[in-house]
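The structure appears right after this line, and notes come after that.
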Amino acid sequence: MNYGYVGKCARINLSTGDITIADTPEDLMENYLGGNGFGAKILWDETGPETDPLSPENRLIVATGPICGTFVPNAGRVEFVFKSPLTGIYGDSNSGGFLGPELKFAGFDFLVILGKASSPVYLHVEDGRIGLKDASHLWGEDAVKTEELIRKELGDEDVKCATIGPAGENLVRYACINVSVQRQAGRSGGGAVMGSKNLKAIAVRGHGPVCIADPKRFYEVAVRLKKLIMEDEFYPAVSAYGTPGIVSLMNIIGRFPTKNFQRGDFPYADEINAEALRENHFVKDIACYACPIACDKIYGVFKGPYAGAVTRSFEYETLGSYGAGIWNRDLPSIIALGDLCDRLGLDSISAGRAVGFAMELFEKGIITKKDTGGLDLTWGNVESAMTLTKMIAKREGFGAVLAEGVRRASRAIGKGAEYYAMEVKGQEIAAQDGRAQQSMGLAHVTSNRGADHLKAFPTIDETGYPSQAVRRYGEQYLPELVDPQATKYKAWVVKDGEDFAAVVDSSGNCKSGGTFVLAQVYWSEMAEAISAATGRNLTSDDLKEIGERIYNLQRCYNVLCGISSKDDTLPKRLLEEPSPSGKAKGQVARIHEMLPEYYALRGWDPETGRPKKETLKRLGLEFCIDRGAAS
């Protein structure tokens, strides 16, 4: 019996309609754990630099992990892995909600989807059976409505879905995947991959068990971890406000990018922070599977021009991209823009950054109303932001230019527009200014999916609270560890965070729960939970090796796609323009103080950024050497 896992996987060829069910490979479970790791290995095996991300040859891997669907806290995550149409390199996106557990209850650890259907379809997975259903009547519907219609069609309100909206259908390169209505697998363009395959949705229903190797031990671990999480000093705030709770903190430390990163603080942050949300727009708390935190909230607009707008998972990042990022202090409009992105199936980070990028080009005179189709893109023009967002999703007019992502858009526009494209490796930077937190700047450039705050998730020095730092790393590393401007130890923190995040994303657990945000669950706790679930008796060192293996495999994939050390950099604005205001005034991102140490810790060549042969051999990745990815 496969404890922790359910022991089956499926391959769905949309071109031929062939569906094959097989046993979950032992080597995948042993060496890559689940989710993120499963996807990385399958993507490596079945695609490469020659694969067009929007072609039938790309893969969409939907994968769970060994503690997904169990009762350990926060065990509700699912991973989507694919070659990214936005960056052209390794791509993935992780989501909460209920889809991951439901896939395991339906009898599958992961799905591999390839090919392209001749007409729109959705995948129906239920209790060990998989079929394709016509989705022609759903094509053109928004992502939220699509799930409602599928549930009605199947006659089951408990069906869990992954859906795309018009942005995915129109192959917007940063189209997202909506999950369980209230969550999104937002980054890297997974929605466009689904759209390119004529796959409108994945609908899942299951009633099966997830068997545990040592139920008594697992129960004890789960109870202890829940207690640790709920007694954490930050638990009340995270539970009450979710990620919008950090708006004021990020603004104070100068890490709240404003006007397309022209500055790191927003003078009107108090008008769009968590307290303003809770007081004026709160509807109710919602939680993902097995979550004791309930950081999700439903917010609504009850009056005014945006009355009726509802967001089911409203995050700090949307407040950053469509609030401060475009100089917008009108909170109801930000909620409406978030709702619009959810329904259109757009990553609100990349979409908001694209709008902010366009507004700065408009300010600088690089584009005019002649380019925008008459849109007035002055800072804070909410109606223009709404219209432009819809144009992006439909690929209409100037929206079609921005639908390519700010890197491609800037190159198409020319006239110096590249300077204002705030991206790394083609992916737009989230609301995390690396000038205000040096570790975050490094995390953006070393992330395997392009600019990203979640792959290393260096939360310790963003809060500056020694208690978390001491608990996780030790008192001997203070005060540098909690100093956002210190670069000492930060290469180690980022590398360690990346390896741990790879394991968390492969386990089926949540990074916004007890692992990073509350920082109670670390290597030893994760090893204990996975060991009790699977019976493998893994140690912290075992998990560290698995995390390293996954991260290096993803890097090797990117090397094959042309990535090198020259790509591990930030936009010139963050490297050369000192932050003009706020607590980070006068600071620039100093990634080059940390990169040499980071490469050394990784075992990568300092000149090329490629993993060294001895590193790959140590991790059992000799096949990467054979394919030419080593230095």
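Things to note:
- Lys544 being surrounded by 15 or more Cβ atoms within 10 Å (Cβ to Cβ), not assigned by TED's automatic domain parsing to the domain that holds Gly88 and not aliphatic (A, V, I, L, M): yes
- Single residue of the stretch 387-433 satisfying the filter (of a type in the set (Lys, Arg), farther than 30 Å from Gln485 by Cβ and not in a helix (DSSP H, G or I)) that is farthest from the chain's Cα centre (by Cα): Lys415
- Some residue of the stretch 51-71 being more than 27 Å from Asp214 (Cβ to Cβ), in the same structural domain as Gly96 (by TED's automatic domain parsing) and out of contact with any strand residue (DSSP E or B) (no Cβ under 9 Å at 6 or more places or on another chain): yes
- Residues (buried (at least 24 other Cβ atoms within 10 Å of the Cβ) and in a helix (DSSP H, G or I)) located in the stretch 341-350: Cys341, Asp342, Leu344, Ser348, Ile349, Ser350
- Selection status of Arg602, touching an Asp or Glu at 6+ places or on another chain (Cβ under 9 Å), within 26 Å of Gln432 (Cα to Cα) and in the same structural domain as Ala486 (by TED's automatic domain parsing): yes
Residues are listed down the side, and each one gets a yes or a no for (1) under 19 Å from the mean Cα position of the chain (by Cα); (2) surrounded by fewer than 24 Cβ atoms within 10 Å (Cβ to Cβ):
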site	(1), (2)
Leu43	yes, no
Thr51	no, yes
Ser55	no, yes
Ala63	yes, no
Ile67	no, no
Asn74	yes, no
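- In the stretch 404-443, of all residues being in contact with a strand residue (DSSP E or B) (Cβ under 9 Å, 6 or more places away or on another chain) and of a type in the set (A, V, I, L, M, F, W, C), the one that is nearest to Leu388 (Cα to Cα) corresponds to Val406.
- Apart from one condition, Asp505 fits all of (1) surrounded by fewer than 21 Cβ atoms within 10 Å (Cβ to Cβ); (2) at pLDDT 85 or above; the exception is (1).
- Residue selected from the stretch 527-560 under the condition outside any helix (DSSP H, G or I) and not hydrophobic (A, V, I, L, M, F, W, C), by the criterion farthest from Ile591 (Cα to Cα): Gly535
- Any chance Glu462 is free of Cβ contacts under 8 Å to residues at least 60 places away in the same chain, over 20 Å from Glu525 (Cα atoms) and either in a helix (DSSP H, G or I) or not assigned by TED's automatic domain parsing to the domain that holds Ile530 (or both): no
- When Glu622, Glu607, Glu614 are checked against the criterion of being more than 26 Å from the chain's Cα centre (by Cα) and touching a residue at least 24 places away in the same chain (Cβ under 8 Å), Glu607 stands alone in meeting it.
- Odd one out for Phe80, checked against (1) surrounded by fewer than 22 Cβ atoms within 10 Å (Cβ to Cβ); (2) not in a loop (DSSP other than H, G, I, E, B): (1)
- A Cβ distance below 6 Å, combined with a sequence gap of six or more or placement on separate chains, defines the contacts here; from the stretch 561-580, residues that are at positive phi and aliphatic (A, V, I, L, M) reach no residue that is outside any helix (DSSP H, G or I) and crowded, with 16+ Cβ neighbours inside 10 Å.
- Leu454 vs. criteria closer than 20 Å to Ile89 by Cβ, in the same structural domain as Phe516 (by TED's automatic domain parsing) and either at pLDDT 95 or above or surrounded by fewer than 23 Cβ atoms within 10 Å (Cβ to Cβ) (or both): yes
- Evaluated against (1) within 17 Å of Val424 (Cβ to Cβ); (2) of a type outside the set (D, E, K, R); (3) within 20 Å of the chain's Cα centre (by Cα), Leu553 falls short on exactly one condition, (1).
- Selection count where residues are under 28 Å from Gly323 (Cβ atoms) and of a type outside the set (A, V, I, L, M, F, W, C), scope the stretch 213-262: 19
- Hey, Ile563 of a type outside the set (Asp, Glu) and part of a loop (DSSP other than H, G, I, E, B) or not: yes
- Residue list for the stretch 11-29, filter: touching a residue at least 12 places away in the same chain (Cβ under 8 Å) and either assigned to a helix (DSSP H, G or I) or touching a helix residue (DSSP H, G or I) at 6+ places or on another chain (Cβ under 6 Å) (or both): Leu28, Met29
Conditions tested, residue by residue: (1) within 28 Å of Gly414 (Cα to Cα); (2) surrounded by fewer than 24 Cβ atoms within 10 Å (Cβ to Cβ); (3) not β-branched (Val, Ile, Thr).
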position: Gly352; (1), (2), (3): yes, no, yes
position: Val355; (1), (2), (3): yes, no, no
position: Thr368; (1), (2), (3): yes, yes, no
position: Thr372; (1), (2), (3): yes, yes, no
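The values are calculated or read from the model by the stated rules, or taken from the named source; none is laboratory data. Everything numeric here is computed off the predicted structure, so don't read it as measured data. Here the Cβ is made from the backbone with ideal geometry for all residues, glycine too, and neighbour counts use every protein chain on show.
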